[in-house]
1. So between Ala134 and Leu151, what do we pick up on full extension, going 0.36 nm a residue minus the alpha carbon distance?
2. Taking other Cβ within 10 Å of each residue's Cβ, how do Thr99, Thr255, Thr201 sort, fewest first?
3. List every residue whose amide H lies under 5 Å from the amide H of Thr255, counting only residues 5 or more places away in sequence or on a different chain, with H placed 1.01 Å from N in the peptide plane.
4. Excluding Thr67 itself, what net charge comes from residues whose Cβ is under 12 Å from its Cβ, given Lys and Arg +1 and Asp and Glu -1?
5. Determine, for His198, His78, the number of other Cβ atoms within 10 Å of each Cβ, and report the residues in order from fewest to most.
6. With all distinct Cα pairs included, what does the Kirkwood hydrodynamic radius of the range 19-152 come out to in Å, to one decimal, could you say?
7. Once phi is turned into ³J(HN,Hα) by the Karplus curve 6.51 cos²θ - 1.76 cosθ + 1.60 with θ = phi - 60°, what whole-Hz value does each residue of the range 30-43 show in order, with x for glycine and proline?
8. Where the only charges are on Cβ atoms (+1 Lys, Arg; -1 Asp, Glu), what is the dipole of the chain about its Cα centre, to the nearest 20 debye?
Amino acid sequence: MTVIDLHAHSTRSDGKESPTQVFEHAAKAGINILALTDHDTTSGWSEATEAAQRFGIGFIPGIEVTTRAKLQRNGGSHFISVHLLAYLPNPNDEGLVATMGESVGSRETRALAMVEALSKDFEITWDDVLAQLAHGATIGRPAIADALVELGVVLDRTEAFDGILSKHGGYYLPTEVVDTFDAIQLVLNAGGVPVIAHPLTGISPNTDRGDLPLEHFEALIAAGLAGFEVYHREVPELAREWLLELANQHELIVTGSSDYHGVHGKPNRLGENITDPEMLERIIAQSSGTAALL
Ligand code: AMP
Ligand code: FE
Ligand code: ZN
Ligand code: FE
């Protein structure tokens, strides 16, 4: 059996391990093919390429692109955060590079503002946060969480995410990023394969798609969305059933992944969810931006 895990993070974004360590752990966990999908960056790909060869595993270059979709509800509109996995895109595509740069910039602006607000109540400084981040890495709430751990405010990242750094914790700010539909087009233009990461996370587990209209998903598919990451610990059971049905109807790709962030980054473990080899073959067949390293 080929064990394929298509979603993992390193210190190039909010993972706690370098790309080399991630691949070393993947080899030990019995993974045969791993995708590195750091948030809004491809800077880990070259180290991952070497590490994958060294530890004898296949490498699928990827990105987890931060996007947001505007939805209409009761006459008003609101934004939802959508993470879009881009498999095998050309890392030098101008549009994609520009968008990743903008996202990294707005992530920094937003993190600065959150730290500014936090510093009114806690002894936290921007330098404390930067001290938790590898040079040039994509910043996010996990780096702020790490600084809060270091300062003894919380015990670990999870406590920070469940409390102070949660949406309702009093310090949360959204990040202004590319629209989901534009991001799908960018990924396609770069020869990549766009798959929605952990779709429908956070909805009520008693519903199949929360309060998100079917039209939203149909519009994403019409825009060229290639698939859904159905098997992920944060996708509720009823949502999985519904997503599988939708994927079936439209002959979309279905993936499964761990979303590993390192042993101490998140509870997610390498290989806890995996992808069918046939689905990876379809991803490779649909891509034209970068070669898979198998
Ligand atoms: P942000 O993109 O800055 O809003 O932060 C969200 C990121 O935090 C996601 O990419 C997750 O990987 C990470 N995250 C969410 N919950 C946790 C948690 N409990 N522990 C560690 N990381 C988390
Ligand atoms: Fe993350
Ligand atoms: Zn994500
Ligand atoms: Fe992720």
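1. Values: separation 17, 0.36 × 17 = 6.12 nm, distance 1.84 nm.
4.3 nm is the gain from fully extending Ala134 to Leu151.
2. Details: Thr99 22, Thr255 29, Thr201 15.
Lowest to highest Cβ neighbour count: Thr201, Thr99, Thr255.
3. Under 5 Å from the amide H of Thr255: Phe228, Glu229, Val230, Tyr231.
4. Its environment carries a net charge of -4.
5. Working: His198 22, His78 11.
Ordered by Cβ neighbours within 10 Å, fewest first: His78, His198.
6. On the way: mean 1/r = 0.0590 Å⁻¹.
The Cα-based Kirkwood calculation yields 16.9 Å.
7. x, 7, 9, 9, 10, 9, 9, 10, 5, 5, 6, 7, 10, 5
8. Numbers: 19 positive and 41 negative charges, 15 e Å.
My answer is approximately 80 debye.
Each value in this text was obtained by applying a stated rule to the coordinates, not by laboratory testing. The shown structure was predicted, so the numbers you read here are calculated from the model rather than taken from an experiment. Note: ideal-geometry Cβ built from the backbone for every residue, glycine included; neighbour counts use all protein chains shown.
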